[in-house]
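J.: Before I ask anything, let me first share the structure, which is written out below as structure tokens.
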Amino acid sequence: METYKCKKGNGPFLIFLLIILINACVLLINHLVDLYVLLSLIKIFLVAINIYWFYYLILALSLKYVIDDDNLYIMGFWGLKKVKISFDSIKAYKTSKGIINGVKLSGIGKNNFAFGRYVLNKIGTTRMFVTYGSEVIYLKTEEINYAIAPEKIDEFKNVLFDRKIKFLDWEYENNKEISLHKESGFMLPFILVSVVIVIFTVTPFILYLKQVLPTKMPLSFNAKFEPVKMGTGKQFAFKQMTYGILNMAILFCMYYAAHFHAKYDKKSANRYIYIVLIIAVVFFLMQIKTLIQFI
């Protein structure tokens with residue numbers, strides 16, 4: 001096996017700097033805000049964004065490319081993450097220099113480094129594993145492209161030549177028609193989040209109509225989950241309905257964002273629905289907590 005190190009760049013430093021800045025901004029907002037709903041969402045956002053950014057930071061620091069007789073392996077996390085690409089599946093390769101031009105579907109990147117899934121000009125949907133893009137090699141396969149930037153790039157090109165992989169300056173055309181309603185990976189979470197939103201929207205009204213709600217119900221809470229504003233059961237039901245409408249609006253926006261991205265990458269499209277699902281579950285759990293404590 002042959003191992004090729006990545007070109008060194010400022011990618012890891014920029015990722016680490018962004019982690020510090022985002023955490024500082026979120027913690028500042030956390031001290032300025034005293035609303036339980038908003039603080040709950042901020043905490044979940046902070047945990048998610050830290051996991052997301054630290055994942056790419058560690059990937060950038062540990063990334064390498066390994067070659068054997070039949071496959072190319074893009075490896076990170078000291079071997080725990082391994083992307084296997086058969087040389088037989090590689091149709092062609094091309095190279096580019098300078099700024100990486102494209103639309104980010106998922107991941108992280110800035111000008112000359114990129115991780116995740118991108119739609120690149122004249123190249124198409126590409127999984128990026130580039131720590132420094134002074135010169136990038138793009139590998140074309142049937143399903144998706146891959147981008148790498150080894151240190152010994154000329155030696156790596158010779159390896160591709162030896163495997164009879166030709167240089168080709170292809171032009172990308174996207175003619176794919178994707179029907180997300182036929183994809184179980186999209187429809188199952190979509191149905192689940194729709195059910196959750198409907199349940200937490202109508203439940204307070206059902207309880208109000210059955211006169212289960214007390215005369216006084218909390219309408220808002222501070223960070224310690226202490227009521228700061230009280231109202232009638234009817235006002236509580238309408239407040240919960242407002243949250244339901246808000247979640248429906250988010251679901252509507254994410255649904256169309258998913259459809260827009262699906263023609264480039266179905267996996268990225270599915271993530272939009274999971275974002276709405278997380279938000280809806282947070283509101284639902286807060287409603288349950290309120291009802292248990294005050295009924």
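J.: Would you mind checking the tilt of helix 266-294 against the longest principal axis of the Cα atoms of the chain, expressed as 0 to 90 degrees and rounded to 10?
T.: 20
J.: Loop sites only, by DSSP: take the GluC sites (Glu not before Pro) in the chain that have at most 11 other C-beta atoms within 10 Å and name the longest stretch containing none of them.
T.: That would be 1-141.
J.: Not counting ligands, DNA or RNA, and with a 1.4 Å probe, what is K81's accessible surface area in Å² rounded to the nearest 10?
T.: The value for K81 is about 50 Å².
J.: Roll a 1.4 Å probe over the protein heavy atoms and report the accessible area of F252 in Å², nearest 10.
T.: 120
J.: What nm distance separates the two modelled labels at S62 and N101, each placed 7 Å from Cα along Cα→Cβ?
T.: A separation of 3.5 nm, rounded to one decimal place.
J.: Calculate how large, on average over all directions, the projected area of the Cα convex hull of segment 178-270 is; give the answer in nm² to one decimal.
T.: 7.5
J.: Give me the orientation-averaged projected area of the Cα convex hull of segment 1-74, in nm², one decimal.
T.: So the Cα hull casts an average projection of 6.1 nm².
J.: Taking a ≥ b ≥ c as the square roots of the eigenvalues of the Cα gyration tensor of segment 27-113, is the shape rounded (a/c under 1.5), prolate (a/b larger than b/c) or oblate?
T.: It comes out prolate by the Cα gyration axes.
J.: Using only the alpha-carbon atoms, how far is helix 36-62 inclined from the longest principal axis of the chain? Give it as 0 to 90 degrees, nearest 10.
T.: 10
J.: Using a/c under 1.5 as the rounded threshold, could you call the chain rounded, prolate or oblate? The axes a ≥ b ≥ c are square roots of the C-alpha gyration tensor eigenvalues, and prolate needs a/b larger than b/c, oblate otherwise.
T.: prolate
J.: Quick one: angle between helix 233-262 and the longest Cα principal axis of the chain, in degrees between 0 and 90, rounded to 10, please.
T.: It is inclined by approximately 20 degrees.
J.: Leaving ligands and nucleic acids out of the surface, order I144, I245, I199 by accessible area at 1.4 Å, largest first.
T.: Output order, biggest surface exposure first: I245, I199, I144.
J.: Something else now. Roughly how many whole Å is it from the C-alpha centroid of segment 47-71 to that of segment 119-152?
T.: That distance is 15 Å.
J.: Additional query: Too long at a 18 Å Cα-Cα cut-off: which of K94/K166; K8/K81; K43/K110; K104/K266; K64/K164; K7/K64?
T.: K8/K81; K43/K110; K64/K164
J.: Please label the shape of segment 1-156 as rounded, prolate or oblate, based on the square roots a ≥ b ≥ c of the eigenvalues of the alpha-carbon gyration tensor (a/c under 1.5 means rounded; beyond that, a/b larger than b/c means prolate, else oblate).
T.: Prolate shape, in that a/c is at least 1.5 and a/b is the bigger ratio.
J.: Only helical DSSP H runs with n ≥ 4 go in: add -39500 (n - 2.57) per run for the chain, normalise by residue count and round the 222 nm mean residue ellipticity to 500 deg cm²/dmol.
T.: -17000 deg cm²/dmol
J.: Under the 0.36 nm per residue contour assumption, what length would be gained going from the current alpha-carbon distance of A92 and I191 to full extension?
T.: Gain on extension, A92 to I191, equals 31.6 nm.
The values are calculated or read from the model by the stated rules, or taken from the named source; none is laboratory data. On a predicted model such as this, the values are computed, not experimentally measured, just so you know. Here the Cβ is made from the backbone with ideal geometry for all residues, glycine too, and neighbour counts use every protein chain on show. These accessible areas exclude ligands, DNA and RNA; they are computed on the full protein's heavy atoms, side chains included. Shrake-Rupley method; radii C 1.70, N 1.55, O 1.52, S 1.80 Å.
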